[in-house]
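Values in this text are rule-based calculations from the coordinates and carry no lab data. Remember, it's a predicted structure, so these values are computed and weren't measured experimentally. Cβ placement follows ideal geometry from the backbone for every residue including glycine, while neighbour counts extend to all protein chains displayed.
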Amino acid sequence: MRRLAIVVAGVALAGAAILTFGTGPAESDGMVLRDGDPETVALGAEVYAANCASCHGADLEGQADWRIAGPDGRLPAPPHDETGHTWHHDGETLFNLTKYGVGKMIGDPNYASDMPVYEGILKDDEIVAVLSYIKSTWPQKIRARHDDMTAQQ
C-alpha cells in the first residue's frame, strides 16, 4: 500500500512538472512572444536582417502584390508590419510555420512555397526572437489584440 502511494505521488509530481515547465520550445507552451524584452527584440532584428529581410523587406513591407500568386503558383512574401496578416495568427502558429513550413502545417508535403523551412537553420530561441521583433513593430492596439488571441489558446 505504501509503495502504491509513492508511485501515485511520483506520477502526480511528474504531471505537475510538465504542466509547470512544459516540454516544447520556449514559445510553444502558450507561445507568448517577448516583444517587450529589449534583448530578445535586438537579437530578433539581427536574425531577421540576416534571414528574412531579403524577401519580407528590411522594413517588414513584404513583396508587391503579395496576395496574388505568381506564374509559378507561389505567393510572394507577405508583409510582417500591420498591413499584413502576420498578426492574425497566434504565436504558436507563427513559430510552427517558420520552423516547419506551410506544407507540414497543412499536411501537404507537396505544397509549393518560397518560404524556407528554418528547422536546423535557426534555433528555437532565434525564431522566437524574430517573431518578437516583428511583433514589437506593430501598433499597440494590434499587439494587444495578438496578446488576447494568445491568451485564448
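Structure summary
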quantity: Residues (out of contact with any Pro (no Cβ under 9 Å at 6 or more places or on another chain) and under 30 Å from Ala151 (Cβ atoms)) located in the stretch 60-90; calculated: Leu75, Ala77, Pro78, Pro79, His80, Asp81, Thr83, Trp87, His88, His89, Asp90
quantity: Test set (1) surrounded by 13 or more Cβ atoms within 10 Å (Cβ to Cβ); (2) under 19 Å from Met149 (Cα atoms) - Leu122 fails condition number; calculated: (2)
quantity: Spans of helices (runs of 4 or more DSSP H) in the stretch 85-143 with at least 3 residues aliphatic (A, V, I, L, M) and either touching a Lys or Arg at 6+ places or on another chain (Cβ under 8 Å) or without any contact (Cβ under 8 Å) to a residue 12 or more places away in the chain (or both); calculated: 124-136
quantity: Any chance Gly62 is on the phi > 0 side of the Ramachandran plot and either surrounded by fewer than 18 Cβ atoms within 10 Å (Cβ to Cβ) or assigned to a loop (DSSP other than H, G, I, E, B) (or both); calculated: yes
quantity: Complete set of residues in the stretch 78-115 that are out of contact with any Ser or Thr (no Cβ under 9 Å at 6 or more places or on another chain) and hydrophobic (A, V, I, L, M, F, W, C); calculated: Trp87, Leu97, Ile106, Ala112
